[in-house]
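Participant: Please see the structure below; I have some questions.
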């Protein structure tokens, strides 16, 4: 036990959790913590908006697989984190958010910059804590990191009233955690594995759907091994991109509303569906009532509440994806007579061929530009996306080969996520190129953190697919609202080249695919963040598309 | 959201600390599950409280309720109590106007029949305490209506499984 302040205890506890970097913004209620940070070897990256601090810690977590940390002061600082916390919650990303609050005696008195941030974040965190005294800080930090990073990962918030930061007490570290109500079930039940194996052995047209859980649990190898043994094609969700190399013969690409034609045609034909680490979101399943109604469904997820929530599986397996996939593989390898499944494979090849013929990729269209972009990116380059058309084009046309290299706001669909997330990813992986595929509407929402990127020397490439409209909204109004374009015209778009230069970053405008590729090559070598302005037509739609509420094989292609 | 279906009794052992009732009730609101009654109080175990919730719904909804409750970090254990093997009780305090003195003796008679107690006597009113399952309390309240029912306070259902089968933390 050592005598120290709560603020010191906090920073010491973070160091013991091997925290290297905090994304944050100081303010009145966290001054004691920042005073300790002044002498600490934990790096603090000063962001320009707390939302970006939360997204950057999320991007850091997704790129590295480690817990990301963000910090803000009380009141508006804390509430500005909320979108980022909700985003991390929906996409099961492990972050720990630290907020200051008014001194204990002022809590509940509506003091200056007081917000009930614990109340606000209760439905969007795995759990949250308000510190009651300096002594408990180390235990709560340990608990927060444990909860954030285990089971189905997610955000945890710790709220520290200012006087708990200055209070001096005997502090004990390594004092463990107490969580009577938290025991993630990671071992698959052997009986359920047996049932799954029985279905898979009999399957003639097996299909696997891989979600973000496969990446979280580090199971891509186990997934591929099982898929190859079964000769089962793999469709992924948006969050599952990266769980299987998309150039693998068994890869079908993404499933769902903007899924590939192949994935959306093949998945409904399955007789046995193995869904791993996915929550059957409405964007993946289309009309849920009829989704794969003829298939026997095996659902593996570590979160028991996801099993049976949207789809009732025939075989529920509540377990860690890696352990469950390995258990199925180990059981199958003993008895399974490998079948070439030539009929099923021919059907898939034919569908892929049909898809290739339909894809028209040329000129200054995002599909063409992104396909060309992929050719010059190393396989381990990290892509982040904003939300809307830019995101769906990226998901469709930027093939992903490795886990944790495609980072996108899947569940919450947060415009403005991609750029700050790219900064977090670059901090986590400084040696690989990081590119944010953006739309003009999204980029404007968090563009102020170009200042962070330049000040802290975090060079990324922002590719702005600039159509001067809120493109996905425009697409829906074009398709479903009789072209009555309401509030989608962004009017006077800033000159992104000058904007970048104003922040001390580099700006380039390109007018042809050749110029685009040249600009990207230059940007990836650049030591400063580069914004590439790519003017495109505002009339372009993302296809294929399944209309909302329709079955996923009811695909519109133009 | 109103739902048809039978009534289920969910019994949960939760951490006995501030904010837990909020996170539990917030989960019900957020997921659109309707709480019919909720009671909470100390359990036999230190620092743990027993929370009893009754909800109306189908089996699938109740399964989700249990899973979503279990997902909350401060919820230690959840079980659904089978009505056949469960003792359920509710307590009601019923205030009846007795300005008409003839009413007073009728109310006292009914209270005895229902094995209730008169717990407050004033010149113009009586307060009766009545315990039992919800049907019994409903029946008593119906009987009191013609006499000039003033106020009712009901606790909601609390429940324990019969015998040694228990929703105790192992």
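Participant: Given labels modelled 7 Å from the Cα in the Cβ direction, how far is it in nm from residue B:93 to residue B:108?
Facilitator: 2.2 nm
Participant: Largest first, please: the extent of the C-alpha atoms of the range A:404-443 along each principal axis, to the nearest Å.
Facilitator: 29, 21, 12 Å, listed from the longest principal axis down.
Participant: Turning to a different aspect of this structure: Rounded to the nearest 10 degrees, what's the angle between the helix B:101-113 long axis and the longest principal axis of chain B, both from Cα atoms, 0 to 90?
Facilitator: Helix B:101-113 and the main axis of chain B meet at about 40 degrees.
Participant: Along its three principal axes, how long is the range A:2-171 when you only count alpha carbons? Whole Å, largest extent first please.
Facilitator: Cα extents, longest axis first: 36, 34, 29 Å.
Participant: Let me ask something else. Using R₀ = 25 Å, calculate the FRET efficiency as 1/(1 + (r/R₀)^6) where r is the Cβ-Cβ separation of residue A:105 and residue B:46; round to 0.05.
Facilitator: According to the calculation, E is roughly 0.30.
Participant: Assuming R0 = 60 Å, can you tell me the calculated FRET efficiency for the pair residue A:168 and residue A:293, based on Cβ-Cβ distance, to the nearest 0.05?
Facilitator: Details: r = 64 Å, r/R0 = 1.07.
Once the sixth-power term is evaluated, E becomes 0.40.
Participant: To continue, here is another question. Could you give the C-alpha radius of gyration of the range A:1-60 expressed as a fraction of 2.2 N^0.38 Å, taking N as the number of residues it contains?
Facilitator: 1.15
Participant: Can you sort A:52, A:429 so the residue with the fewest Cβ neighbours within 10 Å comes first?
Facilitator: Fewest-to-most ranking of A:52, A:429: A:429, A:52.
Participant: For a quick check: sort B:144, B:164, A:392, A:239 by the number of other beta carbons within 10 angstrom, fewest at the front.
Facilitator: Ranking B:144, B:164, A:392, A:239 by Cβ neighbours within 10 Å, fewest first, gives B:164, B:144, A:392, A:239.
Participant: How large is log10 I(q)/I(0) at q = 0.19 Å⁻¹ when the Debye formula is applied to the Cα atoms of the range A:360-535, each weighted equally and without solvent?
Facilitator: Here the Debye-derived log intensity ratios amount to -1.30.
Participant: Here's a follow-up. Taking the Cα of residue B:123, stepping 7 Å toward and past its beta carbon, and measuring to each backbone N in the range B:63-97: which are under 18 Å?
Facilitator: What the label zone holds, given the 18 Å backbone N cut-off, is B:96-97.
Participant: Something else about it: Looking only at the range A:108-144, which residues have a backbone nitrogen under 15 Å from a spot 7 Å from the Cα of residue A:1 in the C-beta direction?
Facilitator: A:134-139
Participant: Run the numbers for residue A:358 and residue A:554: contour at 0.36 nm per residue of separation, minus the present Cα-Cα distance, in nm.
Facilitator: Gain on extension, residue A:358 to residue A:554, equals 69.0 nm.
Participant: Whole number please: convex hull volume per residue of the Cα set in chain A, in Å³?
Facilitator: Per-residue hull volume (Cα only) is 150 Å³.
Participant: Right, here's the next one. Measuring from the lowest to the highest alpha carbon on each principal axis, how far does chain B reach, largest first, in angstroms?
Facilitator: Extents along the principal axes, in whole Å: 56, 36, 32.
Participant: Another question, then. How big is D for the range A:81-134, in µm² s⁻¹ as a whole number, if Stokes-Einstein is applied with the Kirkwood radius of its Cα pairs at 10 °C and 1.306 mPa s?
Facilitator: 129 µm²/s
Participant: Stokes-Einstein at 4 °C, 1.567 mPa s, Kirkwood radius from Cα pairs: D for the range A:190-356 in µm² s⁻¹?
Facilitator: Rounded to a whole number, D works out at 84 µm²/s.
Participant: Relative to the longest principal axis of the C-alpha atoms of chain B, give the angle of the C-alpha long axis of helix B:134-148, reported between 0 and 90° and rounded to the nearest 10°.
Facilitator: Tilt relative to chain B: about 30 degrees.
Participant: Would you calculate, for the protein assembly as shown, the mean residue ellipticity at 222 nm contributed by helices, counting each DSSP H stretch of 4 or more residues as -39,500 (n - 2.57) and dividing by all residues, to the nearest 500?
Facilitator: Working: 26 runs with 269 residues, N = 728.
Result for the protein assembly as shown, helices only: -11000 deg cm²/dmol.
Participant: So if I take the alpha carbon set of the range B:6-81, get Rg, then get Rh from the Kirkwood formula, what is the Rg over Rh ratio?
Facilitator: Values: Rg = 11.4 Å, Rh = 12.2 Å.
Over the Cα atoms of the range B:6-81, Rg/Rh equals 0.93.
Participant: Let me ask another. What does the range A:25-64 give for Rg and for Dmax, in Å, if only its C-alpha atoms count?
Facilitator: 11.5, 32
Participant: If you don't mind, there's one more thing I want to ask. For the range A:335-445, compute the orientation-averaged projected area of the C-alpha convex hull (one quarter of its surface), in nm².
Facilitator: For the range A:335-445, averaging the hull's shadow over all directions gives 10.2 nm².
Participant: Output needed for the range A:421-464: three equivalent-ellipsoid semi-axes, defined as square roots of 5 times the C-alpha gyration tensor eigenvalues, in descending order, whole Å.
Facilitator: Each semi-axis is the square root of five times an eigenvalue, giving 18, 12, 7 Å.
Participant: Here's another thing I want to ask about it. Residue A:41 to residue A:133: FRET efficiency via 1/(1 + (r/R0)^6), r the Cβ-Cβ distance, R0 41 Å, to the nearest 0.05?
Facilitator: Approximately 0.95, to the nearest 0.05.
Participant: Quick check: the distance between the Cα centres of the range A:314-346 and the range B:1-69, to the nearest angstrom?
Facilitator: 38 Å
Participant: Report the gain in length on full extension from residue A:185 to residue A:495: 0.36 nm times residue separation, minus Cα-Cα distance, nm rounded to one decimal.
Facilitator: Full extension of this stretch gives 106.4 nm more.
Participant: On to the next question. Whole percent per 5 Å bin, from 0 to the bin with the longest distance: what is P(r) over all C-alpha pairs of the range B:87-154?
Facilitator: The percentages, shortest bin first, are 4, 19, 34, 27, 11, 4, 1, 0.
Participant: Something else now. Using 0.36 nm per residue, how much length does the chain from residue A:175 to residue A:537 gain when fully extended, once their Cα-Cα distance is taken away?
Facilitator: Full extension from residue A:175 to residue A:537 adds 124.4 nm.
Read-outs throughout are calculated quantities, based only on the coordinates presented, and are distinct from any laboratory measurement. These numbers come from a predicted model, not from an experiment. Glycine gets a Cβ as well: all are built from the backbone with ideal geometry, and neighbour counts include every protein chain shown.
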